[in-house]
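Asks: Pasting a structure below so you can have a look.
The values are calculated or read from the model by the stated rules, or taken from the named source; none is laboratory data. The shown structure was predicted, so the numbers you read here are calculated from the model rather than taken from an experiment. Positions of Cβ are backbone-derived with ideal geometry, glycine not excepted, and every protein chain shown enters the neighbour counts. Side chains included, ligands, DNA and RNA excluded: accessible areas come from the protein's heavy atoms. Shrake-Rupley method; radii C 1.70, N 1.55, O 1.52, S 1.80 Å.
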Amino acid sequence: MSVIDNVLSVREQHRAQGEGYVLHGLAAEAYTSAEFYKLEQENLFAKSWTFVGFVHELSVPGTCVPVEVAGRPLLIVSNERAEIGVFHNVCRHRGLKLVTDTCNVKGSINCPYHAWSYNLDGELEAAPHFGGFRIQEVPGFKKEETGLMPVRFALWNDWIFVNLSGDALDFDEYSKTFADRIQLLDTSALKPIGKIDLGEVKCNWKFLMENFIEPYHVPIVHDTTAAGQPLKDHYTISDGRCLGSAVDLEEQKDTTAKSSNLDMSARYLTLFPNFALGIYLPDQAGVHLNIPIAPDRTRQFRVLYSVGDQNYTETDKQNLCKLWYDVHKEDHHIAELLQQGRSSPVMRDGGLMSPHWEDSAHAFQDLVLKAVAG
Ligand code: FES
Ligand SMILES: [Fe+2]
């Protein structure tokens, strides 16, 4: 039996019970197998709207940010008018990956192999000596058709999404339930105040997403950083591609974005597959960028936002970055242990999940399976 057939059949065996009954997780192979990971890359990440980056990082013309989706090298480019474009990060001559690190290329993207150059709109400007010394023309070679290959993308607030296959639903339709759920956030007032590079986490990307979605662990794993968020005030949210949880504190302390803890009402919402937004009322937000790099490895960044004008000192910003770094590391520790647990035969059938606290994480797993199974 193939890996995907096995994961699906384990799920099917567990599906018979109804609402309120104990739920079951995904079979361990969904987190460990190279075959399942490859199917996810092809059937899920290449065909969905995958979150890849932040608009504010491309405000200067000429900025190039290389990213990878489903194993394909892509390039986000800010053109002369600071408009964003997304292309395959591959030279049209011999296929060299053009840009390896975030940089400003000034006016043109130059290939280091044979010096072909592209303007910031991806058009091929020069193919020096391609037809002979000081000759670019070659019969059958059309420069105007040899620009960087574009990739379908969508900009939404500060966030950049790509759809490699080009045939996903229109982004507004795809993200509708999520957009409806975050109406309490004034996205026009978001101001980036810091970025944390959380490095490589030794776990499958789904563990980080599931952990963000479910509130069951919060008072235990974050017993100091989120001591003011009691379990009783939490509930889950499951609405199409918008999965997550929320906490509405009965007793809201007087908190502002400069708080050094998470004692505030909050929303933890994901847009399937890899976009995670935390809203901390009244005036903080944060977005995680989770990039799968192997079945058991995920790269993670977080951008912190204030909502509205706050007068942050450098110390305020450093304190907030420190708080969030600590919160993420608490989650990483757990997610890495989950990964290790998946090598045990005990977890072949996926373990148990609470129908009360982990139903939205379970719904996330269903979306994964549906996408992977095609
Ligand atoms: S591969 Fe880019 S110029 Fe030859
Ligand atoms: Fe957590």
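Asks: Restricting the stretch 207-220 to residues that are at pLDDT 95 or above and near ligand 2 (Cβ under 7 Å from one of its atoms), which is nearest to Gly350 (Cα to Cα)?
Replies: Of everything passing the filter in the stretch 207-220, Asn211 is nearest to Gly350 (Cα to Cα).
Asks: Assess whether Gln300 counts as being open to solvent by less than 10 Å² (accessible area, probe 1.4 Å), within 22 Å of Ala46 (Cβ to Cβ) and more than 16 Å from ligand 2 (Cβ to nearest atom).
Replies: So Gln300 fails the test.
Asks: Can you tell me how many residues within the stretch 147-179 are part of a helix (DSSP H, G or I) and open to solvent by 70 Å² or more (accessible area, probe 1.4 Å)?
Replies: Residues in the stretch 147-179 being part of a helix (DSSP H, G or I) and open to solvent by 70 Å² or more (accessible area, probe 1.4 Å): 3 in total.
Asks: Restricting to the stretch 11-68, give me the number of residues that are over 20 Å from the mean Cα position of the chain (by Cα), farther than 18 Å from Leu352 by Cβ and open to solvent by less than 10 Å² (accessible area, probe 1.4 Å).
Replies: So the answer is 1.
Asks: Further, regarding this structure: Thr187 - would you say it is surrounded by fewer than 18 Cβ atoms within 10 Å (Cβ to Cβ) and closer than 21 Å to Pro273 by Cα?
Replies: For Thr187, the condition - surrounded by fewer than 18 Cβ atoms within 10 Å (Cβ to Cβ) and closer than 21 Å to Pro273 by Cα - is met.
Asks: Going by the structure shown, is Glu330 open to solvent by 30 Å² or more (accessible area, probe 1.4 Å) and in contact with a Lys or Arg (Cβ under 7 Å, 6 or more places away or on another chain)?
Replies: Answer is no for this residue.
Asks: Shifting gears a bit: Give me the pairs: first residue in the stretch 2-15 and over 10 Å from Ser33 (Cβ atoms), second residue surrounded by 12 or more Cβ atoms within 10 Å (Cβ to Cβ), beta-carbon distance under 6 Å, and six or more apart or on different chains, which are they?
Replies: Here the result reads Val10/Ala27; Val10/Asp349; His14/His24, each pair linking the stretch 2-15 to a residue that is surrounded by 12 or more Cβ atoms within 10 Å (Cβ to Cβ).
Asks: Also, quick follow-up: Can you find, within the stretch 333-343, the residue that is nearest to the chain's Cα centre (by Cα) among those that are more than 10 Å from ligand 2 (Cβ to nearest atom) and open to solvent by less than 30 Å² (accessible area, probe 1.4 Å)?
Replies: Ranking the candidates gives Gln339 first.
Asks: How many residues are among the basic types (Lys, Arg) and within 14 Å of ligand 1 (Cβ to nearest atom) if we restrict to the stretch 94-110?
Replies: Going through the stretch 94-110 one residue at a time, the tally reaches 2.
Asks: Scan the stretch 198-225 for residues that are assigned to a strand (DSSP E or B) and open to solvent by less than 80 Å² (accessible area, probe 1.4 Å) and jot them down.
Replies: Listed by number, the residues that qualify are Leu198, Gly199, Val201.
Asks: Right, another one. So which of Asn79, Asn119 is open to solvent by less than 60 Å² (accessible area, probe 1.4 Å), among the polar types (S, T, N, Q), over 26 Å from the mean Cα position of the chain (by Cα) and under 27 Å from Ser165 (Cβ atoms)?
Replies: Asn119
Asks: Looking at (1) at pLDDT 95 or above; (2) surrounded by fewer than 17 Cβ atoms within 10 Å (Cβ to Cβ), which one does Lys232 not meet, given that it meets all the others?
Replies: (1)
Asks: Further question: Considering every residue within the stretch 286-294, establish whether at least one is away from ligand 2 (no atom under 14 Å from the Cβ), at pLDDT 95 or above and touching a Leu at 6+ places or on another chain (Cβ under 6 Å).
Replies: yes
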